[in-house]
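The values are calculated or read from the model by the stated rules, or taken from the named source; none is laboratory data. Every value quoted in this text rests on a predicted model; they were computed, and no experiment measured them. Here Cβ is always computed from backbone atoms with ideal geometry, including for glycine, and neighbour counts include all displayed protein chains. SASA here: full protein model, heavy atoms, side chains in, ligands and nucleic acids out. Shrake-Rupley method; radii C 1.70, N 1.55, O 1.52, S 1.80 Å.
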Amino acid sequence: MTSAAARKGSQFERDVAEYMRGHGLPNVERAYGAGRPDDVGDLDGLPAWCFELKNQKTHDWAGWVDELRREQANARAQYGVVIAKRRGQPVRRAYVVMELEQLVRLLVERETLA
């Protein structure tokens, strides 16, 4: 049997994947294999991206971003974000955190294509 914390985390992963699919990203699904040395994040379906999802009472932004960086390297993904559940809020109100360097690169790429 899984712990209550693991069940909450899994449910948040399902909820985020469902939200993303329902908003124009039909290939997004949960990734399996969390905790393995070659972990590539919590969601699949967007090859350039690595997602680390967290549903925890306290926020450890630095630790989570460090974990994301390892998984992003494993996935060979250009961009990575931490998505953290907000207490008492629907999934669409989750926090999204990424390093500034990656955000700037993403914005420059987007502006270049526009």
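When the range 16-43 is filtered for residues that are among the acidic types (Asp, Glu) and over 12 Å from the mean Cα position of the chain (by Cα), the ones remaining, listed by number, are 18, 38, 39.
Considering only residues that are closer than 23 Å to residue 87 by Cβ and touching a strand residue (DSSP E or B) at 6+ places or on another chain (Cβ under 9 Å), look in the range 47-57 and name the one that is most open to solvent (accessible area, probe 1.4 Å). Per the stated criteria, the residue is 56. Among the residues of the range 58-78, those identified as of a type outside the set (D, E, K, R), open to solvent by 40 Å² or more (accessible area, probe 1.4 Å) and in a helix (DSSP H, G or I) are 61, 62, 73, 74. Hey, among 60, 15, 66, 44, which residue is closer than 19 Å to residue 96 by Cβ, of a type in the set (Asp, Glu) and in contact with a strand residue (DSSP E or B) (Cβ under 6 Å, 6 or more places away or on another chain)? Going through 60, 15, 66, 44 in turn, the sole match is 44.
Within the range 22-35, being open to solvent by 100 Å² or more (accessible area, probe 1.4 Å) and either part of a helix (DSSP H, G or I) or over 14 Å from residue 52 (Cα atoms) (or both) holds for 23, 27. Taking the criterion of being part of a loop (DSSP other than H, G, I, E, B) and surrounded by 15 or more Cβ atoms within 10 Å (Cβ to Cβ), the residues of the range 84-97 that qualify are 85, 94. Given the structure, is residue 81 assigned to a helix (DSSP H, G or I) and open to solvent by less than 30 Å² (accessible area, probe 1.4 Å)? No, not satisfied.
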